[in-house]
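What follows draws every value from the coordinates through simple rules; no lab data is involved. None of the values given here were measured: they were computed from a predicted structure.
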Amino acid sequence: MDISDTKKLRHYTESAKSVARDAGARILEIYDRGFDVHTKGDGSPVTTADHRSHELIVKALNALTPDVPVLSEESPSEAIEHRRDWPYYWLIDPLDGTKEFISRHGEFTVNIALIHDKRPVLGVVYTPVQRLLYWAWLGGSAFRQQGVDQPKTIEAKEYRTGTPTVVASRSHGRGNLKIFLDSVEQSYGGYELTSMGSALKICIVAEGKADVYPRLGPTSEWDTAAAHCVLVVAGGKITDCNGGPLLYSKESLLNPWFIACGRGQEDWNKHLANIETDRSNE
């Protein structure tokens, strides 16, 4: 596989879009008729929809690129150890936002990314309930499509002045988030806050509807990779708490805390000064 071949990356992205939509349809079948909730070994919830989506995506990607491994949140643990030796691999979350799925908020997504050299080179994020699709590939553009409407290119915005818009998780890091927001308010005279679940938070920054998303709580690589690609191609970035790039294929699957933001040079990390940041997974 040659990532300098943008035509090939675009072809893989188009295929991944179709796979994400198919997985979303399978998820909605279960969402609409009811489901059982089970608890995994790490205490996180899992449903039949997670497993059905995983099976569909893995089968489809194996058919598309037989020589490229697929790593999913529902993959066996031994695959996690091998991923650091893979030059390319698909990294997927078959149902990102299982808690939102269970709570019926509708803000869960299907995430499909292709990883090369510790970075996502294509990303697809699909929200089945809203039929909302985001996608991008390295060397191409970032797009948003609602249902059967025409796709629209998206760009992250540059914060210059005024009240910034902050997007945040519904359920993580509230204490530290308050410290961050207090600092933002002191610096800019206020802020607007939007809360939502799953990878949509990064996509909201990518399409210019928010200036910054501080993630001051745990995430795994498959939670962020697809949306990360969309944001970077749209002109934004994700950095860890030291200002370095968010990387993949690390020893741990857990991400460090990070800041996702739009274009420009605004230093959002300065608002972490009074927070004891978690650096254990860097």
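Observations on the model:
- Using a Gaussian network model of the chain in which every pair of alpha carbons under 10 angstrom is joined by a spring, one finds that among F101, F35, F258 the greatest mean-square fluctuation is at F35.
- Distances between placed amide hydrogens fall under 5 Å for T165 paired with E192, D211, V212, all partners being 5 or more residues away or on another chain.
- Applying the Karplus relation 6.51 cos²θ - 1.76 cosθ + 1.60 with θ = phi - 60° to region 223-229 yields 3J(HN,Hα) values of 6, 10, 4, 5, 5, 4, 4 Hz, where x marks Gly and Pro.
- One chain, two ends: N242 and H105. Fully extended at 0.36 nm per residue, the span grows by 46.0 nm beyond their Cα-Cα distance.
- Euclidean distance of C-alpha centroids, region 104-119 and region 207-282, integer Å: 15
- Rounded, prolate or oblate (a/c below 1.5 giving rounded, otherwise prolate when a/b exceeds b/c) for the chain by Cα gyration tensor: rounded
- The amide H of G236, built 1.01 Å from its N in the peptide plane, has A156 as neighbours under 5 Å, considering only residues 5 or more places off or on other chains.
- Counting only DSSP H runs of at least 4 residues, each contributing -39500 (n - 2.57), and dividing by the residue count of the chain, the helix-based mean residue ellipticity at 222 nm comes to -10500 deg cm²/dmol.
- Subset of K152/K209; K209/K270; K118/K237; K178/K201 violating a 20 Å alpha-carbon distance limit: K209/K270
- Angle in degrees between helix 174-188 and the longest Cα principal axis of the chain, rounded to the nearest 10: 50
- Gain on full extension, evaluated as 0.36 nm per residue between S18 and N274 minus their Cα-Cα distance, stands at 87.7 nm.
- Note, ³J(HN,Hα) from phi for region 89-101, Karplus 6.51, -1.76, 1.60, rounded to Hz, x at Gly and Pro: 7, 7, 10, 10, 10, x, 7, 8, x, 4, 5, 5, 4
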